[in-house]
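The values are calculated or read from the model by the stated rules, or taken from the named source; none is laboratory data. What you see is a predicted model; the values in this text were computed from it and never measured. Glycine gets a Cβ as well: all are built from the backbone with ideal geometry, and neighbour counts include every protein chain shown.
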Amino acid sequence: MSQCDTRIDGDCAVVVLGGEVDLSWSAQVRREVLGALERAPRVAVDLAQVSYIDSSGIAALVEGFQNARGRGQPFELVNVSAPVLAVLKLARLDRVFTIRTGAAD
């Protein structure tokens, strides 16, 4: 089962994703990420529990990144699971996103 929740941690909205982020779920991920940009000056997307991500899920993350950059807001990926990191590296997006291990503070 997929998960998509946002918590506020100080000045950072942390979007926590889990399960498989695919076409059936990516629209919800997109809404959650874009909504987080409205609610907090910083956004982090926690990908520790994501077992699979397809191109639509990656597109939702890229859209969030582009929106944040346009607003001058920090946007980072945290606790990226091995399957997600493999996809990011394959697409060379590991060079685009700020990727951190550990908490989003």
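Figures for the structure shown
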{"quantity": "Among residues of the stretch 41-61, those that are assigned to a strand (DSSP E or B), more than 12 Å from GLN3 (Cβ to Cβ), more than 8 Å from the chain's Cα centre (by Cα) and not basic (Lys, Arg), counted", "calculated": "3"}
{"quantity": "Residue match in the stretch 87-105 (condition: modelled with pLDDT under 95 and among the acidic types (Asp, Glu))", "calculated": "yes"}
{"quantity": "Inter-residue pairs, beta-carbon under 8 Å, first touching a residue at least 12 places away in the same chain (Cβ under 8 Å) and in the stretch 33-53, second among the hydroxyl-bearing types (Ser, Thr, Tyr), 6+ apart", "calculated": "GLY35/THR6; ALA36/THR6; ARG39/THR6; LEU47/SER81; ALA48/SER81; GLN49/SER81; VAL50/SER81; SER51/SER81"}
{"quantity": "Tally, over the stretch 18-48, of residues that are under 18 Å from PHE75 (Cα atoms) and in contact with an Asp or Glu (Cβ under 7 Å, 6 or more places away or on another chain)", "calculated": "5"}
